[in-house]
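Trainee: The structure is given below, and queries will be raised subsequently.
The values are calculated or read from the model by the stated rules, or taken from the named source; none is laboratory data. None of the values given here were measured: they were computed from a predicted structure. So basically every Cβ, Gly included, is an ideal-geometry build from the backbone, and we count neighbours across all protein chains shown. Areas reflect the complete protein model, heavy atoms only, side chains present, ligands, DNA and RNA absent. Shrake-Rupley method; radii C 1.70, N 1.55, O 1.52, S 1.80 Å.
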Amino acid sequence: MEWTIRQAVASDLESLVQLRIKQLAAEGAKATCDLTGPLYAYYREVLTTAAQTMLVAECNGRIVANGGISYTRKAPYYANPTGMIGVVFAMYTEPDFRRAGIANSILHKLIDRAKKRGCGEIYVTASDMGVPFYAQAGFCPCENFRRLMLHGK
């Protein structure tokens, strides 16, 4: 199986939306609303801003995996003097293409992009299935992380 990884472009929009919907289903998310419109709007923005990088893996002309990283900044701190942070999102590989190194390759390209942007840390919210994958790449639990849900449950 031959595959290539490249920067996502506008013509990938449909594939990005469909992969995200498949990802949410695979993670057990309940479809409480139609996300199609918001996902199209989101990915249109992702593909046109330097604040995010979206990569896709292509096999025989078909997009079979994707992953992205958002860049943000907070006040510098001792562990991260630049204050730059990367947040990995939307990592998903079609089931028939798993265990081929595709997601690992995407993740490491995203890590390289974050380093070039000066990020001192990268965060990811991992599904149960993704925890070992991210641990193998060096991601550690962050016990003090908390969230406040402003919409939904």
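Trainee: List pairs: first in the range 83-96 and closer than 18 Å to residue 52 by Cβ, second surrounded by fewer than 17 Cβ atoms within 10 Å (Cβ to Cβ) and among the aliphatic types (A, V, I, L, M), Cβ under 6 Å, 6+ apart or cross-chain?
Mentor: What qualifies is 83/75.
Trainee: State which residue is most open to solvent (accessible area, probe 1.4 Å) when the search covers only the range 49-99 and only residues that are in a strand (DSSP E or B) and basic (Lys, Arg). I'd like the intermediate steps shown before the answer.
Mentor: Looking only at the range 49-99, we keep the residues that are in a strand (DSSP E or B), and these are 52-59, 62-73, 77, 80, 84-93.
Adding the requirement that they be basic (Lys, Arg) leaves 62, 73.
On the way: 62: 111, 73: 158 Å².
That would be 73.
Trainee: Among the residues of the range 104-113, is any outside any loop (DSSP other than H, G, I, E, B), modelled with pLDDT under 95 and in contact with a Gly (Cβ under 9 Å, 6 or more places away or on another chain)? Please lay out each step first, then the result.
Mentor: We begin by selecting, within the range 104-113, every residue outside any loop (DSSP other than H, G, I, E, B); these are 104-113.
Add one more test, that the residue is modelled with pLDDT under 95, and what stays is none.
Checked the range 104-113: no residue is outside any loop (DSSP other than H, G, I, E, B), modelled with pLDDT under 95 and in contact with a Gly (Cβ under 9 Å, 6 or more places away or on another chain).
Trainee: Now a separate question. Please enumerate the residues belonging to the range 119-136 that are at pLDDT below 95, open to solvent by less than 80 Å² (accessible area, probe 1.4 Å) and assigned to a loop (DSSP other than H, G, I, E, B).
Mentor: 126, 127, 130, listed by residue number.
Trainee: Need the failing condition index for residue 119 against (1) in contact (Cβ under 8 Å) with a residue 40 or more places away in the chain; (2) under 13 Å from the mean Cα position of the chain (by Cα), just the number.
Mentor: Only one criterion is unmet by residue 119, namely (2).
Trainee: Further question on the same structure: Go through the range 1-22 and give me each residue that's small (Gly, Ala, Ser) and either in contact (Cβ under 8 Å) with a residue 12 or more places away in the chain or open to solvent by less than 70 Å² (accessible area, probe 1.4 Å) (or both).
Mentor: Within the range 1-22, 8, 10, 15 qualify.
Trainee: Then there is this: Just to verify a result, which residue in the range 101-116, among those that are open to solvent by less than 40 Å² (accessible area, probe 1.4 Å) and not polar (S, T, N, Q), is farthest from the chain's Cα centre (by Cα)? Steps first, answer last, please.
Mentor: Step one: list which residues in the range 101-116 are open to solvent by less than 40 Å² (accessible area, probe 1.4 Å), which gives 101-103, 105-107, 110-111, 114.
Add one more test, that the residue is not polar (S, T, N, Q), and what stays is 101-103, 106-107, 110-111, 114.
Numbers: 101: 16, 102: 13, 103: 10, 106: 9, 107: 8, 110: 9, 111: 11, 114: 12 Å.
For the range 101-116, the residue satisfying everything is 101.
Trainee: Give me the residue from the range 23-48 that is touching a helix residue (DSSP H, G or I) at 6+ places or on another chain (Cβ under 9 Å) and in a helix (DSSP H, G or I) and, out of that set, most open to solvent (accessible area, probe 1.4 Å).
Mentor: Applying the filter and picking the extreme gives 44.
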